[in-house]
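Read through the structure below, which is laid out as structure tokens, and then see the notes.
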Amino acid sequence: MARTPRRALIIGGSMAGLFSALYLKRAGWRVDVFERSPVALTGRGAGIMTHPEMRAALSELAVEAGEDFGVPVPGRIVLDHAGNEIGRLARPQIATSWNRLFELLGGALGAPAYHLGRDLVRVSEDADGVTAHFSDGASETGDVLVGADGFRSAVRGQLLPEVQPQYAGYVAWRGLVDERDAVAAMGEDMFAHLSFHLPPGEHFLGYPVAGSGNDLRTGHRSWNIVWYRPADADRDLPRLLTADTGKRHELSIPPPLIARGTIGEMRDAVARLLPPQFRAAMDKAQQPFLQPIYDLESTAMAVGRVALAGDAAFVVRPHVGGGVVKAAEDAAALAASLSAHQDVVDGLRAYEAARIGVGRRFVAQARRLGSYLRHDFASEAERARALWHAAPAQVMAETAVLDFVRDQP
Ligand SMILES: Cc1cc2nc3c(=O)[nH]c(=O)nc-3n(C[C@H](O)[C@H](O)[C@H](O)COP(=O)(O)OP(=O)(O)OC[C@H]3O[C@@H](n4cnc5c(N)ncnc54)[C@H](O)[C@@H]3O)c2cc1C
């Protein structure tokens, strides 16, 4: 039975889900987004570095990012352990936040097409279309289903069970510091920049983002911290993911459950490893939390009437800062490929052909950038290759930069 207009079921209501919904709606589809969370999503203030491609996607979708899109960051600075500046690079960029993007995209889609508390458990397909089955027993049928349900994707888990996240060998400690505390610790110039420190085998960075409620006023913003630290998969990670109650969490641990001893260990490392400016700022960080870093490479992005998009398809270590652009471009390619083909399955094959190589390139580049985040190497050649990316000039030139995608055919 043909549906008119054609209907897309989009699983996951974050970046890839919202971009997919907006691009497909623009192409004439009826769209519904099904998000597992029973309450409106928030991104814990996570900072997102932006790129011209992100602005281009938003303007293509007539989403007005405006003056309050984020905090302008003039460039990059690297500090040594004593707190001396050892590198500076001008590279203007806007630091926005997950919350701001979510607000813009969600506002453009509108509430009626966005359904909270819908947890997909299974997908089935027959001649009539594709059906999403939810944990409450309800189901929805459409012409195409988009798995935009992130790195633990239930959609991918059913269709490609062999594709699993691969632990990168390090974790990211993350946190936010109020602007006033950060400026008192490091001064206005450093607060305004994307600032790095590179202890051996580690990588610390901070940059300004909007304060709560997207507050962009001077004095009300926050400093967003990401600190990559090696953590051996067998020796360290299980301990880091174990709560004070003794419960061991699998892939990540909710921030309030991180054991006091684990926080204490991180605080000791702050005192030993960071320059005085970052030490003073870290001492004021509100509820730092840790996130193990994973890669994930899907072997397919289309199976029958089902497409994978965003982190459900490829998870990229954060060094290239391109997860949102990748999600937006997946969504644009999906809508274009479906528009170019009468048959949905043919359209999804074309989508996969357009995007699978890009996903692989993102993962490979981020692996190169993170390759020195360890304390031991298999050979001198491997060490030399990895450490090339740890030089201050390279870190400033390569972090949160998408030139590698544009430079390749
Ligand atoms: C430390 C760090 C820093 C980063 N910095 C940047 C940056 O500067 N720039 C950038 O572009 N990217 C950055 N990223 C990456 C970026 O955050 C992700 O690539 C992006 O959020 C992926 O969006 P997504 O919609 O694909 O997945 P997600 O954001 O993971 O969303 C998946 C959604 O699906 C829902 N869901 C899951 N399962 C189900 C189900 N069964 N049924 C229904 N719904 C379900 C989830 O609740 C969630 O809302 C960073 C990531 C990290 C970890």
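Laboratory data are not the source of any read-out in this text; all were calculated from the coordinates shown. Keep in mind that this is a model prediction, so the values were computed, not measured. Please note: Cβ atoms are built from the backbone with ideal geometry, for glycine as well, and neighbour counts cover all protein chains shown.
Numbers for the structure displayed
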item	result
Selection from Ala384, Thr4, Ala336 lying farthest towards where the dipole of the chain points positive, charges on Cβ	Ala384
The chain, helix-only ellipticity at 222 nm - DSSP H runs n ≥ 4, -39,500 (n - 2.57), divided by all residues, nearest 500	-10500 deg cm²/dmol
Selection from Ala168, Gly142, Leu116, by position along the positive dipole direction of the stretch 97-174 (Cβ)	Ala168
Cβ-based charge dipole, the chain, positive-most Cα from Ala354, Ala16, Gly47	Gly47
Value of relative contact order over the stretch 15-130, rounded to a whole percent, pairs C-alpha under 8 Å and six or more apart	38
The chain: DSSP helices with Cα axial extent of at least 20 Å and average Kyte-Doolittle hydropathy no lower than 1.0	none
Dipole moment magnitude, nearest 20 debye, the stretch 1-51 about Cα centre, only Lys, Arg, Asp, Glu C-beta charged	220
Simple Cβ-charge dipole of the chain, Lys/Arg +1 and Asp/Glu -1, about Cα centre, in debye nearest 20	200
Residues Leu116 and Ile263, FRET efficiency given R0 of 25 Å [Cβ-Cβ distance, rounded to 0.05]	0.20
